[in-house]
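Undergrad: Can you read through this structure? Questions will come right after.
The values are calculated or read from the model by the stated rules, or taken from the named source; none is laboratory data. Fair warning: this is a prediction, and the values are worked out from it, not measured in the lab. Methodologically, a virtual Cβ is constructed for each residue, glycine included, from the backbone with ideal geometry; neighbour enumeration extends over all protein chains shown. Heavy atoms of the whole protein, side chains included, go into the accessibility calculation; ligands, DNA and RNA do not. Shrake-Rupley method; radii C 1.70, N 1.55, O 1.52, S 1.80 Å.
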Amino acid sequence: MSHPGATQHVGAPHDRAETPAWPLPADALLALAADWLWVMDAQFRLVRMARTDGGALPPALSDALGRAPWDHPAFEPGSGHWRRHRRVLWAHQRFAQLELGWRSPGSRRLRWCAISGQPLFGDNGHFIGYAGVAQDITARKRIEQTLRATRAQLSELAFYDALTGLPNRRLLLDRIEQALLHQVRAPSWCALLFVDLDDFKAINDRYGHAAGDAALVAVGERLRRSVRETDPVGRLGGDEFAALLPDLSLDAPTAQRIAQRVAVQLLRRLDAALPHLSHVRTPASVGVLLFRGAHALSTLLKQADELMYRAKGGGKGRWSLSGTPTPG
């Protein structure tokens, strides 16, 4: 089926007595800057497709003739899911810019097109199918994917420490603030750990900054392993780290035992030699502040910092709870 000015097309046999023809002159459709033209019958089977440049259809598209798009494995719905799209078709409504992914047989590379369609009606007003256009938007989709990846990387840089992978000061304090909001509604005993490496400058001076970086990475990993997966933990900056242990207990002695156990375990892990630098250790001083209920974060950090310095003044490699230095 063709008419003057039409592009070459591929047709598929079907069992309907009335077949939709190209409903508009080809020039009018081409003015839409389409890459493909297509026609569906009343059962929503693709019965005609053509490239506007007269070229051959990709095998994945020509193979779809005679079937509804959702019955062909090459097609993958994008922002317009099949169920929602079929409701539009059943209602015989126009649609525009339906994003559809498709793959050639045996290819892992996904291509994208944006499809727009118009319902067709016969002389007596009964529905006979759809006709429309499709534009190749693969390049645009790949640019969007690149932009999303870039935004994710920028977010990573904005909220995570590039060296250790832990939340940076900004994100850590925000997560602690969120945890503290829970204390307003349901007070319980918590512990704030303030960690500072002992003589970290000496590691850099004696073994070089690469060893210092390896030490910070090891400290971050060991701190992460010493607390629960959901506990806020991060690098405040330099060789200072912090972690919040929320909801330890409603009972003060129990909370104290848990906090002490975490502090002892952490100090033992920190004092272990680095995996690839057996001559380098990372002893630290830890301030452990127990508190219950709502408090200002700045006040909690100040008090935990003071406890850490008391531990350091008591001989380093120690933890201090309520100002009492205790050996690790």
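Undergrad: Looking at segment 162-192, which of its residues are among the β-branched types (Val, Ile, Thr), open to solvent by 90 Å² or more (accessible area, probe 1.4 Å) and outside any helix (DSSP H, G or I)? Spell out the reasoning first.
TA: Applying the first criterion (among the β-branched types (Val, Ile, Thr)) to segment 162-192 yields 164, 176, 184.
Okay, now just the ones that are also open to solvent by 90 Å² or more (accessible area, probe 1.4 Å), so 184.
Residues satisfying the conditions do not exist here.
Undergrad: I'd like the full set of residues that are closer than 16 Å to VAL195 by Cβ and not in a strand (DSSP E or B), limited to segment 229-260. Don't jump to the end; show me each part of the working.
TA: From segment 229-260, those closer than 16 Å to VAL195 by Cβ are 231-245, 259-260; that's our starting set.
Correct list: ASP231, PRO232, GLY238, ASP239, ALA259, GLN260.
Undergrad: So, in segment 109-138, how many residues would count as being loosely packed, with under 10 Cβ neighbours inside 10 Å and either of a type in the set (Gly, Ala, Ser) or assigned to a strand (DSSP E or B) (or both)?
TA: 1
Undergrad: Residue by residue through segment 39-64, note down the ones that are more than 19 Å from SER107 (Cα to Cα) and surrounded by fewer than 16 Cβ atoms within 10 Å (Cβ to Cβ).
TA: Pass one, segment 39-64, residues more than 19 Å from SER107 (Cα to Cα): 39-55.
GLN43, ASP53, GLY54, GLY55, listed by residue number.
Undergrad: Filtering segment 193-214 down to residues that are in contact (Cβ under 8 Å) with a residue 60 or more places away in the chain and assigned to a loop (DSSP other than H, G, I, E, B), which residue is surrounded by the most Cβ atoms within 10 Å (Cβ to Cβ)?
TA: Top of the filtered list is ASP198.
Undergrad: Does any residue of segment 249-266 turn out to be free of Cβ contacts under 8 Å to residues at least 60 places away in the same chain, farther than 16 Å from ARG225 by Cα, touching a Phe, Trp or Tyr at 6+ places or on another chain (Cβ under 8 Å) and surrounded by 19 or more Cβ atoms within 10 Å (Cβ to Cβ)?
TA: no
Undergrad: While we're here: When both residues are 6+ apart or on different chains and their Cβ atoms are under 8 Å apart, which pairs have a first residue that lies in segment 157-178 and is touching a residue at least 60 places away in the same chain (Cβ under 8 Å) and farther than 15 Å from ARG224 by Cα, and a second that is open to solvent by less than 70 Å² (accessible area, probe 1.4 Å) and among the β-branched types (Val, Ile, Thr)?
TA: none
Undergrad: Here's a follow-up. Condition (residue is modelled with pLDDT of 85 or more, under 23 Å from LEU46 (Cβ atoms) and not hydrophobic (A, V, I, L, M, F, W, C)) applied to segment 145-157: is it met by at least one residue?
TA: no
Undergrad: If you go through segment 65-91 one residue at a time, how many are surrounded by 14 or more Cβ atoms within 10 Å (Cβ to Cβ), modelled with pLDDT of 85 or more and among the small types (Gly, Ala, Ser)?
TA: Of the residues in segment 65-91, 2 are surrounded by 14 or more Cβ atoms within 10 Å (Cβ to Cβ), modelled with pLDDT of 85 or more and among the small types (Gly, Ala, Ser).
Undergrad: Filter segment 92-106 down to residues that are small (Gly, Ala, Ser) and either surrounded by 12 or more Cβ atoms within 10 Å (Cβ to Cβ) or in contact (Cβ under 8 Å) with a residue 40 or more places away in the chain (or both), then give me how many there are.
TA: Taking segment 92-106 as the starting set, the residues that turn out to be small (Gly, Ala, Ser) are 96, 101, 104, 106.
Within this subset, residues satisfying the condition of being either surrounded by 12 or more Cβ atoms within 10 Å (Cβ to Cβ) or in contact (Cβ under 8 Å) with a residue 40 or more places away in the chain (or both) are 101, 104.
Residues that pass the stated criteria total 2.
Undergrad: Among the residues of segment 276-290, which ones are open to solvent by less than 10 Å² (accessible area, probe 1.4 Å) and either modelled with pLDDT of 90 or more or within 34 Å of the chain's Cα centre (by Cα) (or both)? Don't jump to the end; show me each part of the working.
TA: Narrowing segment 276-290 to residues open to solvent by less than 10 Å² (accessible area, probe 1.4 Å): 280, 282, 284-288.
Of everything in segment 276-290, those that are open to solvent by less than 10 Å² (accessible area, probe 1.4 Å) and either modelled with pLDDT of 90 or more or within 34 Å of the chain's Cα centre (by Cα) (or both) turn out to be THR282, ALA284, SER285, VAL286, GLY287, VAL288.
Yes or no, residue by residue, for (1) touching a His at 6+ places or on another chain (Cβ under 8 Å); (2) of a type in the set (Asp, Glu); (3) under 25 Å from ALA202 (Cα atoms):
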{"position": "GLY238", "(1), (2), (3)": "no, no, yes"}
{"position": "LEU248", "(1), (2), (3)": "no, no, no"}
{"position": "VAL262", "(1), (2), (3)": "no, no, no"}
{"position": "ASP271", "(1), (2), (3)": "no, yes, yes"}
{"position": "PRO275", "(1), (2), (3)": "no, no, yes"}
{"position": "GLY313", "(1), (2), (3)": "no, no, yes"}
{"position": "LEU321", "(1), (2), (3)": "no, no, no"}
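Undergrad: For segment 90-107, give me the residue count where each residue is in a loop (DSSP other than H, G, I, E, B) and over 11 Å from ALA74 (Cα atoms).
TA: Pass one, segment 90-107, residues in a loop (DSSP other than H, G, I, E, B): 91-94, 103-107.
Checking the rest, the ones that are also over 11 Å from ALA74 (Cα atoms) come to 91-94.
Residues meeting the conditions: 4.
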